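So the structure is just underneath, and the comments pick up after that.
The values are calculated or read from the model by the stated rules, or taken from the named source; none is laboratory data. Model, not experiment: these values are computed from the prediction. Cβ atoms come from the backbone with ideal geometry, glycine included; neighbour counts cover every protein chain shown.
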Amino acid sequence: MKVPYLDLLKINKSYSEELRSAYEQTMDSGWYILGKNVDAFEKEYAAYSQTEYSLGVANGLDALIISLKALQIGAGDEVIVPSNTYIASWLAISYVGATPIPVEPRLDTYNLNPELIVSKITSRTKAIMVVNLYGQSAELEEVCAIAKQHKIAVIEDNAQSQGATYKGKLTGSWGDINGTSFYPGKNLGAIGDGGAITTSDAELFKFCKVFRNYGSQVKYYNEIKGVNSRLDELQAAFLRVKLSDLDRTNALRNDFAKVYDEGLANVGDLVLPKIAADATSVFHIYLVRTKRRDELAKYLSEQGIGTVIHYPIPPHLQEAYSELGYKKGDFPIAEEIAETCLSLPLHQEMSSEELEYVIDKIKTFFS
């Protein structure tokens, strides 16, 4: 049996009729940039996210960069960010001229440890970028309380956790401003690139709306030096289809994660995902850890099972950040996760046979 890590063709085929209809309606409209689909999706995604505003942009990285720009963060400023995250979280900070200040995660949930934040706050700290990693909400109430006490902003990187909650409140609604991605592999994935910003701050929203469109509200009249970062009209049409089904598909991911939890309990030295108290996960990724990670990945590949390592090199050890002078051992928790983590196949179109096959082969490996 072949079990790919992610089967985007199968996922998108399940929406085939609706996506084709969205395509035809968009093509027939004759309006392809910032049209009715983008406007409708922004309203729908804001309502879904429990925020006043949502703004479609070209991709998730742009969403974070524009959010930082809206907060007037730039050269000489510092932004606290997890040591364990995809490098885009760090890149956004660098692109506005600020410095990423890494803070370690909790080893059990992999998300930012609020208890370690205060010691990293300086007079140059302007924001905390908290990442809701692998589909699980970070401890957002605690992070926001620290930020409020120190009068700094909070930005959520919510690219992996659309639909997750903390204490009943949705991720992407806690921060002053928040960025997300609609990369095809996300739980809410486009058929290409896309991203969005969410906020309930009218002034931040106004800046972002102007900045993403060349710094212009009225065509050919430019108020500020902006960029071209607009959610594509066709992608917005596709996302509207999938947004209406997001809660159902997230629930399926949770169901499949429970199958893994039960089937892989007490198998070898596997460390299974743990959900923090008061948090929920939408299981964008089902990540396990084992000291035999590379052996297991090779064995599963030989059995036709796809896996992915999220992520093999933490940002502080990437060549791109060599100028910060970090070395191996500086962030041991992030490094341990990078050396032992493995993501198993998980998506809403998986069959029970595929799930059981993966479980069976993992048990065989450890036996």
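So which of L264, L296, L272, L300 is over 23 Å from I11 (Cα atoms) and touching a Gly at 6+ places or on another chain (Cβ under 9 Å)?
Values: L264 fails: touching a Gly at 6+ places or on another chain (Cβ under 9 Å); L272 fails: touching a Gly at 6+ places or on another chain (Cβ under 9 Å); L300 fails: over 23 Å from I11 (Cα atoms).
Answer to the selection: L296.
Consider segment 255-272. How many of its residues are under 13 Å from S367 (Cβ atoms) and among the hydrophobic types (A, V, I, L, M, F, W, C)?
3
Out of everything in segment 301-336 that is of a type in the set (S, T, Y) and part of a helix (DSSP H, G or I), what residue ends up being surrounded by the most Cβ atoms within 10 Å (Cβ to Cβ)?
Y321
Quick one: G97 ticks every box in (1) in contact with an Asp or Glu (Cβ under 8 Å, 6 or more places away or on another chain); (2) under 19 Å from N158 (Cα atoms) except a single one, so which number is it?
With respect to (1) in contact with an Asp or Glu (Cβ under 8 Å, 6 or more places away or on another chain); (2) under 19 Å from N158 (Cα atoms), G97 is out only on (2).
Do any residues in segment 104-132 that are within 14 Å of I333 (Cβ to Cβ) have Cβ atoms under 7 Å from those of residues that are part of a helix (DSSP H, G or I) and aromatic (F, W, Y), where the two are at least six apart or on different chains, and which pairs are they?
Y110/Y134
Tally time: how many residues in segment 249-259 are out of contact with any strand residue (DSSP E or B) (no Cβ under 6 Å at 6 or more places or on another chain) and in contact (Cβ under 8 Å) with a residue 24 or more places away in the chain? Break it down into steps so the answer makes sense when it comes.
Applying the first criterion (out of contact with any strand residue (DSSP E or B) (no Cβ under 6 Å at 6 or more places or on another chain)) to segment 249-259 yields 249-256, 258-259.
Keeping just the survivors that are in contact (Cβ under 8 Å) with a residue 24 or more places away in the chain gives 249-250, 252-254, 256, 259.
Of the residues in that region, 7 qualify.
What are the residues in segment 337-367 that are more than 30 Å from R248 (Cβ to Cβ) and either of a type in the set (S, T, N, Q) or in a loop (DSSP other than H, G, I, E, B) (or both), if any?
Listed by number, the residues that qualify are T340, T364, S367.
Does A236 meet the test of being within 30 Å of E336 (Cβ to Cβ), assigned to a helix (DSSP H, G or I) and touching a residue at least 40 places away in the same chain (Cβ under 8 Å)? Steps first, answer last, please.
Values: within 30 Å of E336 (Cβ to Cβ): no; assigned to a helix (DSSP H, G or I): yes; touching a residue at least 40 places away in the same chain (Cβ under 8 Å): yes.
So A236 does not fit the description; no.
Scan segment 190-201 for residues that are part of a loop (DSSP other than H, G, I, E, B) and either buried (at least 21 other Cβ atoms within 10 Å of the Cβ) or of a type in the set (A, V, I, L, M, F, W, C) (or both) and jot them down.
Of all residues in segment 190-201, those part of a loop (DSSP other than H, G, I, E, B) come to 190-194, 200-201.
Result: A190, I191, G194.
Being in a loop (DSSP other than H, G, I, E, B), farther than 17 Å from E336 by Cα and of a type in the set (D, E) is the filter here; which residues of segment 259-300 pass it?
D278
Report yes if some residue within segment 347-361 is out of contact with any Gly (no Cβ under 8 Å at 6 or more places or on another chain), closer than 25 Å to F256 by Cβ and aliphatic (A, V, I, L, M); otherwise report no.
Yes, the conditions are met somewhere in segment 347-361.
Out of everything in segment 28-66 that is among the small types (G, A, S) and in contact with a Leu (Cβ under 8 Å, 6 or more places away or on another chain), what residue ends up being surrounded by the fewest Cβ atoms within 10 Å (Cβ to Cβ)?
A58
For (1) within 26 Å of W31 (Cα to Cα); (2) surrounded by fewer than 24 Cβ atoms within 10 Å (Cβ to Cβ), each residue gets a yes or a no:
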| position | (1), (2) |
| --- | --- |
| K169 | no, yes |
| I177 | no, no |
| F182 | yes, no |
| K242 | yes, yes |
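Only residues that are closer than 21 Å to L61 by Cβ and part of a strand (DSSP E or B): list them for segment 149-174, please.
Result: A153, V154, I155, E156, D157.
Take the residues of segment 244-263 that are hydrophobic (A, V, I, L, M, F, W, C) and surrounded by 19 or more Cβ atoms within 10 Å (Cβ to Cβ): which is farthest from the chain's Cα centre (by Cα)?
So in segment 244-263, the residues hydrophobic (A, V, I, L, M, F, W, C) come out as 246, 251-252, 256-257, 259.
Add one more test, that the residue is surrounded by 19 or more Cβ atoms within 10 Å (Cβ to Cβ), and what stays is 256-257.
Numbers: F256: 20, A257: 18 Å.
Of everything passing the filter in segment 244-263, F256 is farthest from the chain's Cα centre (by Cα).
Is there a residue being under 28 Å from S343 (Cβ atoms), modelled with pLDDT of 95 or more and in contact with a Leu (Cβ under 6 Å, 6 or more places away or on another chain) anywhere in segment 86-98?
Checked segment 86-98: at least one residue is under 28 Å from S343 (Cβ atoms), modelled with pLDDT of 95 or more and in contact with a Leu (Cβ under 6 Å, 6 or more places away or on another chain).
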